[in-house]
Every structure is written in structure tokens, then in C-alpha cells.
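**Student:** Let me give you the structure first, and then I'll get to my questions.
The values are calculated or read from the model by the stated rules, or taken from the named source; none is laboratory data. These numbers come from a predicted model, not from an experiment. Cβ placement follows ideal geometry from the backbone for every residue including glycine, while neighbour counts extend to all protein chains displayed.
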Amino acid sequence: MKLGIIGAGKLGITLAQLALKAGYEVAVSGSGDTQKIALSVKVLTPGAIAMTTKDVAQWAEVIILAIPLGKFRQLPVESLKGKIVIDATNHWPEVDGPREEIIPETLSSSEAIQQFLPESRVVKAFSHMGYHELRDWARPAGSDERKALALASDSNQATTNVAAIVSDLGFEPVILGSLSHGRILEPGQQGFGLVTSATKLKELGN
Amino acid sequence: MTKQSKKATSDTYLFGLDSFGDLPTKADGTLMSHPEAIRQVVEEAILADKLGINRIGLGEHHRPDYSISSPETVLAGIATRTKNITLSSAVTVLSSDDPVRVFERFATVDALSNGRAQVILGRGSFTESFPLFGYDLRDYNELFEEKVELFSKLLPEEPVTWEGKTRAALKNADVYPKTEKGLGVAIGVGGSPESVIRAARYNFPLILAIIGGAPDRFAPYVELYRQAAEDLGTTAHPVGMHSPGFIAETDEEARKLAWPAFKTSWDRIGKTRGWPPYTREQFLYEIEHGSLYVGSPETVAKKIAKAMKALDARTFDMVYGGGPVSAEARLKMVELYGTKVIPMVKELLSQ
């Protein structure tokens, strides 16, 4: 499986590490040319390939967004056509400005990204845990300590695919429902910050 | 891996205390005012100096729960009442300050303290200073990048010519006062790979701010710093780390004192960032496996030594007294850190 990660910050690097451990082929892009992230990728995620964002989008079968939410309008829409896009972003007022300036009031942030990428299939995942929690709590399937990660998408097929990735990376997938359901995972909502078991996370969906 | 770390003696390890000037409680249980809290930090620094603690680092915040917005002013107060302790910011939010002014103020503290001032630069994890001083958060990266560049040019203490977008240009500008031995500088990083490489690019020592999760996850960042220094032809200085903690006579007492204080402080910050309330489970996890150094001197010393070994860190700074704990318990903690924890850590590291 070719997994692309757009964003070479704390979250992007952490997810790349988990994916490499799971045996995936991984490519990572930063905000500028590949030279800027080449050393970080070489040292922190040995085995991953540093690429431009456009190349990551074209090369990978599934792409994770690990960028500040406010930058989603800079994504290469054409190159992401037909791809599964995992939205791991969160609204962070200090960096992105007020929510209403980047996302319509009536939409979850992942719905806004889906509208911007109409021919991609967006799945919200890896967003409600912090990057160091993802790193510390990844466990193989069957482990008693395994924590749950919530997924939301409007595409059943994409959800199934991403659920398998979530499991491979060390978490129990819990499917919440459509992208609009994803709103409860946003900062300040009841699902944000939850590091908990699948049983407890499922209660959220009800 | 470039190993310039020869087998170190215990003297090569340095230990410090960091404070944001949290408001402690008084004997009657009420919170100290901002002026009282600032004077309390001065007393703690004086005690730390007497006990031979190597560094006091003061953070810059612009919020009601922390009394220190101007670390170097407090450091100036500490300077004239202490002898040996290094006087540091932790951190100076350079993005929303003027590098020339920062240099002048710290050079002044350096004069008052006979060469003990140190600037730790950082982007900071709070952003209140941006609107307060008229900066746009959208320029976050550019502001820091440019200002670090200018600041690094000031350090040789020779006339500077510089041009950028975030500040008026300088043409052959000389900046005063000059220092006697140069100003100490380090860069504090919270885990952004870009910041680690920046520290190497400017030839600054790296201090890792590890405020949650297992400390050993930062080991690759230490390697990144060393590799970057090698690639860029700069020096890989000894690496430092900074984490929160609390020490009392016993584990039980330390947890009893620290839990409500950490919870208060965490939940207050969490509210603005959309985090759920801090749980007892998280608190205990961080003590056992993560980055909370809470417990008896022995518990804390073992945990510090383990983390320093894992990261090959040469300095450890404990953020002490987070949240509303009593002033008395804070002083006691400084005493235990200086008299018990530090000697134990040195002993453990020399084994």
C-alpha cells in the first residue's frame, strides 16, 4: 500500500513512523520543495520518500492530510481526484483564524474539505488524538490496551479501506457515520481529545 | 552517528528550574497577587542559587494565571541577589519582540549578573503576545525565521547591516551595552523538525520542551539535530530537556499537591484549545510513562536520569510549581530538588 502524507510537522512525521512500522510504502511532503524536509524525513522516518505535495497526491493510493486546516484550499485538487483522502486536520483558531472565516457554519470541517475535493473520497480519521498519544498508544490488534480511533465518511468503501489502515497503524477503528457526524470530533466537542476504548468511543455515535 | 559525547563526568550535567510565575496560594489559601507571585519567584531563585542549582529559567506569558510577562526584568532583580545561578528566559517569544531590544535587555542583565544571562529563544506555545504587540499570527513562521536571523547577527557584538520584511532595516547599526564574554543563547523546541534544524543552522544549543508523552520519542530529534549540524558544518552542542514536575517528601504527598494544581492549570488552557477535562488517568499515566516528574526525590531522580540517558541530554530543567500550589510547598520543592534530587541524578548518571 502506498500511503502519502501531506505535512511534515509533528503529526505527519508521527503517522509516517506508524505507517512505516506497519510495512507501508510512505511518501511525505512539506510546504515547500523537498529539499527543506529531506533531512527530517531521512532521520525521523527512514524509509519514507520526501516528495512535493503534488507528487505525493499522484503517487499515493491513500493520502493523509496533516496540515493546518486553514491551508486546505492550497491542496492540489486535480492530483487528488479519485483518491481516498484522510483528513487528520483540526481547526486551531490561533493558527487558522476564526472558524467562520474558513469553514461555513453549517458544515463540519471535513465536509468543507470534501466539498473542496469533490472527486476525492474524504474520511475523517486520526484527528481526535494528539500526535504523541498516537505515538504512545499504537498497539497491535488483540492488545488489551488498544485505543479506538473514530472515522467518519460519506463513502462506505473508503471507510472500509481507511478502517484497515487505522487498524494496521495500531488503533481500533470505530465508524461514527457520515462526515457531518465528524463534527463531534472537532476541538471543543465531546469526541475531541478522547483516548479511550472502542466500547466507550462507540457510545459517542449513539 | 557523530558521537562527540565522550564519557561524561557528573560535572558535565546541569540542572535548572523553570517558572512561568504561576500564582501560588498563601497560608490562608487565597491566591497571591501578581506582584506577590513575582517576589515569590525571586525568593525561590535565591534559594536555588544557595543550593547550587545551575539555572533559573523564566517563561514569558501574557495571561492572568501567570505573573511573568517580562522575564528579563525579574531576572535583573534576581541578578543582584544571587552569585552563581544562570539567569535565563524560558522562553523569549522572539516572534513578537524586537531582536535588538531583546539583545539590549539581556546584555544589561548580563552586566548586572557578571555574565550569567542567557536567552532561550522560542516560538512559544501561547499566542497572546501576537495581538498584544500588533503582530499577525499568519506571519508566525516568517516572524520567527527573520528575527532569529537578525538576533544571530547581533551576537558577535559588531555593527550589523540587515534587511527584512518584519522590522526596519539596519545599516551598520551598533548595539549596546557590549557584554564581557558574549551572551548565552539557546533555542527551545517543542518537537517541530523544522525548528530542530533551525537550531543547528544558527549554531545554537537545542533544548527540547517535552511536556507530554514518553520522553524517548524525542531521541530521533536529537539525532536530527546532530545530523543537521554535521550537514551544515555547525556545532552539535550538548542537548537539554525541559519538563514539568513536582517534588515532595513522599510520592503520595507530591501527587496530592500536584494533582489539583495541574488539573486547574491544564483545564484552564484546555478550555481555550478545545481539550476535554484533564483526567486522573492521564495524570497517573504521565507520571508512570510520560513527562510528569511528580513524586518523592527518589522517584523523580530515577525518572530524570532515565530520560536524560535516553536522550543523551546534558541539561534538565524542571518546570516547577505549575498551577495554584502553596508558596510553602514550592519552596520545599526547590529545596528537595537542590539537596536530594540533583545529587541522586548525578549519581545515577555516573553509574
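**Student:** Checking residue A:57 against (1) within 11 Å of chain B (Cβ to nearest Cβ); (2) not in a loop (DSSP other than H, G, I, E, B), which single condition isn't satisfied?
**Tutor:** Looking at each condition in turn, residue A:57 falls short on (1).
**Student:** Which of the residues spanning segment B:312-336 are in contact with a helix residue (DSSP H, G or I) (Cβ under 8 Å, 6 or more places away or on another chain) and in a helix (DSSP H, G or I)?
**Tutor:** B:327, B:329, B:330, B:331, B:334, B:335, B:336
**Student:** Further question on the same structure: Can you find a residue that is among the basic types (Lys, Arg) and either modelled with pLDDT under 95 or in contact with a strand residue (DSSP E or B) (Cβ under 7 Å, 6 or more places away or on another chain) (or both) anywhere in segment A:15-31? Walk me through it before giving the result.
**Tutor:** Of all residues in segment A:15-31, those among the basic types (Lys, Arg) come to A:21.
With either modelled with pLDDT under 95 or in contact with a strand residue (DSSP E or B) (Cβ under 7 Å, 6 or more places away or on another chain) (or both) added as a condition, the list becomes none.
The answer is no; no qualifying residue exists.
**Student:** Test residue A:99 against the criterion of being among the basic types (Lys, Arg), touching a Pro at 6+ places or on another chain (Cβ under 9 Å) and either farther than 30 Å from residue B:216 by Cα or modelled with pLDDT under 95 (or both), and give yes or no. Show your work before the answer.
**Tutor:** Details: among the basic types (Lys, Arg): yes; touching a Pro at 6+ places or on another chain (Cβ under 9 Å): yes; either farther than 30 Å from residue B:216 by Cα or modelled with pLDDT under 95 (or both): yes.
Yes; evaluated as a whole, the condition is true for this residue.
**Student:** Additional query: Quick check on segment A:111-125. Is at least one of its residues out of contact with any helix residue (DSSP H, G or I) (no Cβ under 7 Å at 6 or more places or on another chain) and either assigned to a strand (DSSP E or B) or within 14 Å of residue A:165 (Cα to Cα) (or both)? Step through it out loud before you land on a result.
**Tutor:** Step one: list which residues in segment A:111-125 are out of contact with any helix residue (DSSP H, G or I) (no Cβ under 7 Å at 6 or more places or on another chain), which gives A:112, A:115, A:117-120.
Cutting the leftovers down to either assigned to a strand (DSSP E or B) or within 14 Å of residue A:165 (Cα to Cα) (or both) gives us none.
Checking segment A:111-125: not a single residue is out of contact with any helix residue (DSSP H, G or I) (no Cβ under 7 Å at 6 or more places or on another chain) and either assigned to a strand (DSSP E or B) or within 14 Å of residue A:165 (Cα to Cα) (or both).
**Student:** Name the residues in segment B:254-304 that are among the aliphatic types (A, V, I, L, M) and touching an Asp or Glu at 6+ places or on another chain (Cβ under 7 Å), would you?
**Tutor:** In the first step, residues of segment B:254-304 are kept if they are among the aliphatic types (A, V, I, L, M); the result is B:254, B:257-258, B:261, B:269, B:284, B:287, B:292, B:294, B:300-301, B:304.
Scanning segment B:254-304 gives a single hit, B:292.
**Student:** I've got another one for you. Which of the residues that make up segment B:196-211 are part of a loop (DSSP other than H, G, I, E, B) and under 15 Å from the mean Cα position of the chain (by Cα)?
**Tutor:** Filtering segment B:196-211 for residues part of a loop (DSSP other than H, G, I, E, B) gives B:202-205, B:210-211.
Selection gives B:204, B:205, B:210, B:211.
**Student:** Same structure, new question: Do the conditions hold for residue B:23, that is, is it aliphatic (A, V, I, L, M) and either without any contact (Cβ under 8 Å) to a residue 12 or more places away in the chain or within 23 Å of residue B:337 (Cα to Cα) (or both)? First the steps, then the outcome.
**Tutor:** Numbers: aliphatic (A, V, I, L, M): yes; either without any contact (Cβ under 8 Å) to a residue 12 or more places away in the chain or within 23 Å of residue B:337 (Cα to Cα) (or both): yes.
Judged against the criteria, residue B:23 is a match.
**Student:** I'd like the full set of residues that are within 13 Å of chain B (Cβ to nearest Cβ) and either in contact with a Lys or Arg (Cβ under 7 Å, 6 or more places away or on another chain) or not β-branched (Val, Ile, Thr) (or both), limited to segment A:71-105. Can you show your working first?
**Tutor:** Looking only at segment A:71-105, we keep the residues that are within 13 Å of chain B (Cβ to nearest Cβ), and these are A:71, A:90-99, A:101-102.
Passing the criteria: A:71, A:90, A:91, A:92, A:93, A:94, A:96, A:97, A:98, A:99, A:101.
**Student:** Of everything in segment A:27-58, what is without any contact (Cβ under 8 Å) to a residue 24 or more places away in the chain, within 18 Å of residue B:222 (Cα to Cα) and crowded, with 18+ Cβ neighbours inside 10 Å? Give them in sequence order.
**Tutor:** A:39, A:43
**Student:** Condition first: within 14 Å of another protein chain (Cβ to nearest Cβ) and not acidic (Asp, Glu). Now tell me which residues in segment A:120-133 satisfy that. If you could, list the steps in order and put the result at the bottom.
**Tutor:** Within segment A:120-133, the subset within 14 Å of another protein chain (Cβ to nearest Cβ) is A:127-133.
Within segment A:120-133, A:127, A:128, A:129, A:130, A:131, A:132 meet the criteria.
**Student:** What is the residue count in segment B:271-290 for residues that are in contact with a Pro (Cβ under 6 Å, 6 or more places away or on another chain) and at pLDDT 95 or above? Spell out the reasoning first.
**Tutor:** In the first step, residues of segment B:271-290 are kept if they are in contact with a Pro (Cβ under 6 Å, 6 or more places away or on another chain); the result is B:274.
When the remaining residues are screened for being at pLDDT 95 or above, the result is none.
Qualifying residue count, segment B:271-290: 0.
**Student:** When you check residue A:150 against the structure, is it surrounded by 15 or more Cβ atoms within 10 Å (Cβ to Cβ), in contact with a Gly (Cβ under 8 Å, 6 or more places away or on another chain) and at pLDDT 95 or above, yes or no? Steps first, answer last, please.
**Tutor:** Numbers: surrounded by 15 or more Cβ atoms within 10 Å (Cβ to Cβ): yes; in contact with a Gly (Cβ under 8 Å, 6 or more places away or on another chain): yes; at pLDDT 95 or above: yes.
Against the criterion (surrounded by 15 or more Cβ atoms within 10 Å (Cβ to Cβ), in contact with a Gly (Cβ under 8 Å, 6 or more places away or on another chain) and at pLDDT 95 or above), residue A:150 qualifies.
**Student:** From the list A:84, A:67, A:63, exactly one residue is closer than 18 Å to residue A:20 by Cα and either modelled with pLDDT of 95 or more or touching a Pro at 6+ places or on another chain (Cβ under 7 Å) (or both). Which is it? Please lay out each step first, then the result.
**Tutor:** Values: A:84 fails: closer than 18 Å to residue A:20 by Cα; A:67 fails: closer than 18 Å to residue A:20 by Cα.
When all the criteria are applied, what remains is A:63.
**Student:** Quick check: is even one residue across segment B:23-45 over 28 Å from residue B:141 (Cα atoms), of a type in the set (A, V, I, L, M), in a helix (DSSP H, G or I) and touching a Pro at 6+ places or on another chain (Cβ under 9 Å)? Full working, then the answer.
**Tutor:** Filtering segment B:23-45 down to residues over 28 Å from residue B:141 (Cα atoms) leaves B:23-45.
Now drop any that are not of a type in the set (A, V, I, L, M), which leaves B:23, B:27, B:31-32, B:37-38, B:41-42, B:45.
So of that shortlist, the ones also in a helix (DSSP H, G or I) come out as B:37-38, B:41-42, B:45.
Keeping just the survivors that are touching a Pro at 6+ places or on another chain (Cβ under 9 Å) gives B:37.
Yes, that holds for at least one residue.
**Student:** Quick test for you: out of B:67, B:88, B:96, pick the one residue that is within 23 Å of residue B:139 (Cα to Cα) and hydroxyl-bearing (Ser, Thr, Tyr). Don't jump to the end; show me each part of the working.
**Tutor:** Details: B:67 fails: within 23 Å of residue B:139 (Cα to Cα); B:88 fails: within 23 Å of residue B:139 (Cα to Cα).
Residue meeting the stated conditions: B:96.
**Student:** May I ask you to list the residues in segment B:75-130 that are of a type in the set (Ser, Thr, Tyr) and part of a helix (DSSP H, G or I)?
**Tutor:** Just the residues of segment B:75-130 that are of a type in the set (Ser, Thr, Tyr), to begin with: B:80, B:82, B:86, B:88-89, B:92, B:95-96, B:108, B:113, B:125, B:127, B:129.
B:95, B:96, B:108, B:129, listed by residue number.
**Student:** Would you pick out the residues in segment B:309-326 that are closer than 30 Å to residue B:268 by Cα, crowded, with 20+ Cβ neighbours inside 10 Å and not polar (S, T, N, Q)?
**Tutor:** Of segment B:309-326, the ones closer than 30 Å to residue B:268 by Cα are B:315-326.
Restricting the remaining residues to those that are crowded, with 20+ Cβ neighbours inside 10 Å gives B:315-323, B:325.
Once the filter is applied, which keeps residues that are closer than 30 Å to residue B:268 by Cα, crowded, with 20+ Cβ neighbours inside 10 Å and not polar (S, T, N, Q), segment B:309-326 yields B:316, B:317, B:318, B:319, B:320, B:321, B:322, B:323, B:325.
**Student:** Does residue B:165 count as free of Cβ contacts under 8 Å to residues at least 60 places away in the same chain, more than 23 Å from residue B:18 (Cβ to Cβ), in a loop (DSSP other than H, G, I, E, B) and among the charged types (D, E, K, R)?
**Tutor:** Numbers: free of Cβ contacts under 8 Å to residues at least 60 places away in the same chain: yes; more than 23 Å from residue B:18 (Cβ to Cβ): yes; in a loop (DSSP other than H, G, I, E, B): yes; among the charged types (D, E, K, R): yes.
Yes, satisfied.
**Student:** Listed residues B:217, B:226, B:268; which is more than 19 Å from the chain's Cα centre (by Cα) and crowded, with 21+ Cβ neighbours inside 10 Å? Before the answer, list the steps.
**Tutor:** Values: B:217 fails: crowded, with 21+ Cβ neighbours inside 10 Å; B:268 fails: crowded, with 21+ Cβ neighbours inside 10 Å.
So the residue among B:217, B:226, B:268 that is more than 19 Å from the chain's Cα centre (by Cα) and crowded, with 21+ Cβ neighbours inside 10 Å is B:226.
**Student:** Among the residues of segment A:4-26, which ones are of a type in the set (Gly, Ala, Ser) and surrounded by fewer than 24 Cβ atoms within 10 Å (Cβ to Cβ)? Spell out how you get there, then give the answer.
**Tutor:** Start the filter on segment A:4-26 by keeping residues that are of a type in the set (Gly, Ala, Ser), which leaves A:4, A:7-9, A:12, A:16, A:19, A:22-23.
Scanning segment A:4-26 gives A:9, A:22, A:23.
**Student:** Return yes when residue A:117 is within 14 Å of chain B (Cβ to nearest Cβ) and either surrounded by fewer than 22 Cβ atoms within 10 Å (Cβ to Cβ) or aliphatic (A, V, I, L, M) (or both) and no when it is not.
**Tutor:** Working: within 14 Å of chain B (Cβ to nearest Cβ): no; either surrounded by fewer than 22 Cβ atoms within 10 Å (Cβ to Cβ) or aliphatic (A, V, I, L, M) (or both): yes.
Spelling it out, it is not the case that residue A:117 is within 14 Å of chain B (Cβ to nearest Cβ) and either surrounded by fewer than 22 Cβ atoms within 10 Å (Cβ to Cβ) or aliphatic (A, V, I, L, M) (or both).
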